[in-house]
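No lab work stands behind these numbers, since they all come straight from the coordinates. All values derive from a computational prediction rather than experimental measurement. All Cβ positions, even for glycine, are placed from backbone atoms using ideal geometry, and neighbour counts span all protein chains on display.
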């Protein structure tokens, strides 16, 4: 089932505002992780920087989006899985960055393998980035 802006906001108990609708629309239209700069380029004429940052923070805190780190340490954002909530994010999946087109995508169907940390260490978050050529670029 295709998710809609209205349903996502309702599911996460968020009020609908024009900035939330505009930014959420970008995520729904793009099946890839978006950087702040990607978002800013699309809606810069309509919303100021503070509004965009606040909206992204609200979405992060509410389980609408999650952070994705790429190979350069740049932060990107992607829509959360339908099962994510404010208190429980499910992001133990692989992220894939294409070396041809530069897009970063969530591979929700590919989990991060169990990693045994040394005694005394505990993980709060797991990130696994694979780099290579995506299926779109491989077919060109």
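Within the chain, what percent of beta bridges assigned by DSSP are antiparallel, to the nearest 5?
Values: 12 of 16 bridges.
Just about 75 percent of them are antiparallel.
Which entry in (i) 0.98; (ii) 1.20; (iii) 0.95 matches Rg/Rh (Cα atoms, Kirkwood Rh) derived from the coordinates of this structure?
Computed from the coordinates, Rg/Rh (Cα atoms, Kirkwood Rh) corresponds to (i).
Could you give the nm distance between label points at residue 69 and residue 137, where each point is 7 Å from its Cα heading toward the beta carbon?
According to this spin-label approximation, the distance is 2.2 nm.
Among 77, 53, what is the fewest-to-most ranking by other Cβ atoms within 10 Å?
53, 77
When only Cα pairs under 8 Å and 6 or more residues apart are kept, what is the percent relative contact order across the chain?
20
How many nm is it between the label spots at residue 125 and residue 26, if each spot is 7 Å from the Cα in line with the beta carbon?
A separation of 1.9 nm, rounded to one decimal place.
If I build a Gaussian network model for the chain, linking alpha-carbon pairs within less than 10 angstrom, which residue out of 110, 68, 52 has the largest mean-square fluctuation?
Most flexible of the set in this elastic network: 110.
In degrees, nearest 10, range 0 to 90: what is the angle between the Cα axis of helix 49-62 and the longest Cα principal axis of the chain?
Here the helix axis deviates by roughly 60 degrees.
When the chain is modelled as a GNM with alpha-carbon springs shorter than 10 Å, which of 76, 97, 42 fluctuates the most?
Among 76, 97, 42, the largest GNM mean-square fluctuation belongs to 42.
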